[in-house]
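The values are calculated or read from the model by the stated rules, or taken from the named source; none is laboratory data. Computed from a prediction, not measured in an experiment: that's the story for all the values here. Here the Cβ is made from the backbone with ideal geometry for all residues, glycine too, and neighbour counts use every protein chain on show. These accessible areas exclude ligands, DNA and RNA; they are computed on the full protein's heavy atoms, side chains included. Shrake-Rupley method; radii C 1.70, N 1.55, O 1.52, S 1.80 Å.
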Amino acid sequence: MKSPLLSLPGAVPAEGVDEGVAAHYGELFREQRALADGTGFVDLSHRGVVTVSGEDRLSWLHLLLTQHVSDLPVGEATEALILSAHGHVEHALYLVDDGATVWAHVEPGTQEALLAYLESMKFFYRVEAADRTADFAVVHLPAGSITEVPPGVVVRETPYGRDLFLPRADLESYAGEAGPAAGILAHEALRVEQHRPRLGFETDHRTIPHELGWIGTAVHLQKGCYRGQETVARVQNLGKPPRRLVFLHLDGSEVHLPPHGTDIRLAADGPDGRRIGFITTSVRHHELGPIALALVKRNVPADAPLVAGTTAAAQEVVVAP
């Protein structure tokens, strides 16, 4: 859905998965600094919004999700995954319960497939799942923000800020009160700095939660059965994941950032060396310069200099080898 905030001065439309909102509003680093200082907001109205209501909503979701939500307190934010039968990540949900309804925002364009899966699993449970994307827009207020939340708006309060499920009809008027606006590129730069994985960026068709550090944050290890649990338990108890997420400091002399999918090799092996991983997200940070997240083979030495395409990269451990 195309955001009305693309009409704000300086707005440059985002591309790809984030199409429909602004990549930036003309001053990328200023927007990053504003978010880091706890001011402004980010238009995330392109994200999908799914709700689950009914008296069985929490016990039912508990059976489907990787997270322990059967006793989720009202207003407490959490995140969860839906896995395939083989334990591969299929959906990532960012949840909060308001006492009558569970609200979740998900990656743009994934809500239809998610809803189809939820509908297929209803059976005799007293639940109602709905796609509310057309009615509600996600707005992000950064950590430390003192911007007021309109009465009645559902909020996810996290260490990284607040996610508002704002009536879509109120998006333009709220933007006038909550400014200055920051684009999705500023939001992504802070996400990479914080080592937070994103579905479709840090994941592919064979990603398991251990590779991205989702154990503990989105996967609860002491809960009942859910699809893919066998893989989670086996890797947790008997082995280690085949890949691991790393944070990269990229050579700042390069003009272009290595895009998603760029091959990573050991610097010592040169440009013809064996592929040991790939870039998942690369950004320009207002303080750190060019940085990235990447997936590499688990046995890559944690102190080994790397090269992403032709760009030198130094790694920091996110998921331990």
*How many residues are open to solvent by less than 50 Å² (accessible area, probe 1.4 Å) and free of Cβ contacts under 8 Å to residues at least 40 places away in the same chain if we restrict to the stretch 103-116?*
0
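Yes or no: residue 245 part of a loop (DSSP other than H, G, I, E, B) and either crowded, with 19+ Cβ neighbours inside 10 Å or of a type in the set (Phe, Trp, Tyr) (or both)?
Judged against the criteria, residue 245 is not a match.
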*asked:* Looking for something out of contact with any strand residue (DSSP E or B) (no Cβ under 6 Å at 6 or more places or on another chain), over 19 Å from residue 8 (Cβ atoms), crowded, with 19+ Cβ neighbours inside 10 Å and modelled with pLDDT of 95 or more - is there at least one such residue anywhere in the stretch 85-97?
replied: yes
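Which of the residues belonging to the stretch 248-275 are farther than 23 Å from residue 196 by Cβ and part of a loop (DSSP other than H, G, I, E, B)?
Hits for the stretch 248-275 are 251, 253, 254, 255, 256, 270, 271, 272, 273, 274, 275.
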*Go through the stretch 161-178 and give me each residue that's within 25 Å of residue 10 (Cβ to Cβ) and under 23 Å from the mean Cα position of the chain (by Cα).*
161, 162, 163, 164, 166, 168, 171, 175, 178
_Here's a check for you: in the stretch 38-64, which residue that is surrounded by 22 or more Cβ atoms within 10 Å (Cβ to Cβ) and of a type in the set (D, E, K, R) is farthest from the chain's Cα centre (by Cα)?_
57
_Which numbered condition residue 123 fails, given (1) at pLDDT below 95; (2) open to solvent by less than 40 Å² (accessible area, probe 1.4 Å)_ = (2)
*asked:* Exactly one of these conditions fails for residue 11: (1) over 24 Å from residue 203 (Cα atoms); (2) open to solvent by 50 Å² or more (accessible area, probe 1.4 Å). Give me its number.
replied: (2)
*Of all residues in the stretch 258-281, how many are at negative phi and open to solvent by 30 Å² or more (accessible area, probe 1.4 Å)?*
12
*asked:* Condition check: buried (at least 20 other Cβ atoms within 10 Å of the Cβ), over 20 Å from residue 122 (Cα atoms) and among the acidic types (Asp, Glu). Does residue 31 satisfy that?
replied: yes
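Taking the residues in the stretch 225-242 that are in a helix (DSSP H, G or I) and open to solvent by less than 70 Å² (accessible area, probe 1.4 Å) as candidates, determine which candidate is farthest from residue 80 (Cα to Cα).
235
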